[in-house]
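The values are calculated or read from the model by the stated rules, or taken from the named source; none is laboratory data. These figures come from a predicted structure and were not determined experimentally. Backbone-built Cβ (ideal geometry, glycine too); neighbour counts: all protein chains shown.
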Amino acid sequence: MKTANMITLAHKHVGNNAVTELNARWSLLDAVEAQNGKQDGIARRLALRSLAYSVGIFHPDYQSASE
């Protein structure tokens, strides 16, 4: 999956978990900043972290983004 698609997916789910929403939002913000700074690898890891906070690592969207 492309980095832009991972960030879009993280945007979709960022508010799913009230307990970890702040962490998901910070990770997503950092992912967007890294992508804008042409740091693709860092942006991908941060988008995945945001997804992990918002939906968990066993969610199908996390699994497809991590492949």
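Determine, yes or no, whether Ser27 is at pLDDT 95 or above and either in contact with a helix residue (DSSP H, G or I) (Cβ under 8 Å, 6 or more places away or on another chain) or loosely packed, with under 13 Cβ neighbours inside 10 Å (or both). Answer is yes for this residue. Total residues in region 19-59 satisfying the condition of being among the basic types (Lys, Arg) and farther than 16 Å from Leu9 by Cα: the figure is 1.
When Leu46 is tested against (1) touching a residue at least 24 places away in the same chain (Cβ under 8 Å); (2) buried (at least 16 other Cβ atoms within 10 Å of the Cβ), exactly one condition is not met: (1). For region 11-32, the tally of residues that are within 12 Å of the chain's Cα centre (by Cα) and in a helix (DSSP H, G or I) stands at 14. Being aliphatic (A, V, I, L, M) and in contact (Cβ under 8 Å) with a residue 24 or more places away in the chain is the filter; apply it to region 13-28 and report the residue that is farthest from Ala43 (Cα to Cα). For region 13-28, the residue satisfying everything is Val14.
Every listed requirement among (1) surrounded by fewer than 19 Cβ atoms within 10 Å (Cβ to Cβ); (2) part of a helix (DSSP H, G or I); (3) touching a residue at least 40 places away in the same chain (Cβ under 8 Å) is met by Met1 save one, (2). Specify the residue that is surrounded by the fewest Cβ atoms within 10 Å (Cβ to Cβ); the eligible residues are those in region 49-67 that are among the hydrophobic types (A, V, I, L, M, F, W, C) and without any contact (Cβ under 8 Å) to a residue 12 or more places away in the chain. So, considering only residues that are among the hydrophobic types (A, V, I, L, M, F, W, C) and without any contact (Cβ under 8 Å) to a residue 12 or more places away in the chain, the one surrounded by the fewest Cβ atoms within 10 Å (Cβ to Cβ) is Phe58. Checking each residue in region 33-46 for being in a helix (DSSP H, G or I), over 10 Å from the mean Cα position of the chain (by Cα) and not β-branched (Val, Ile, Thr) picks out Glu33, Ala34, Gln35, Asn36, Asp40, Gly41.
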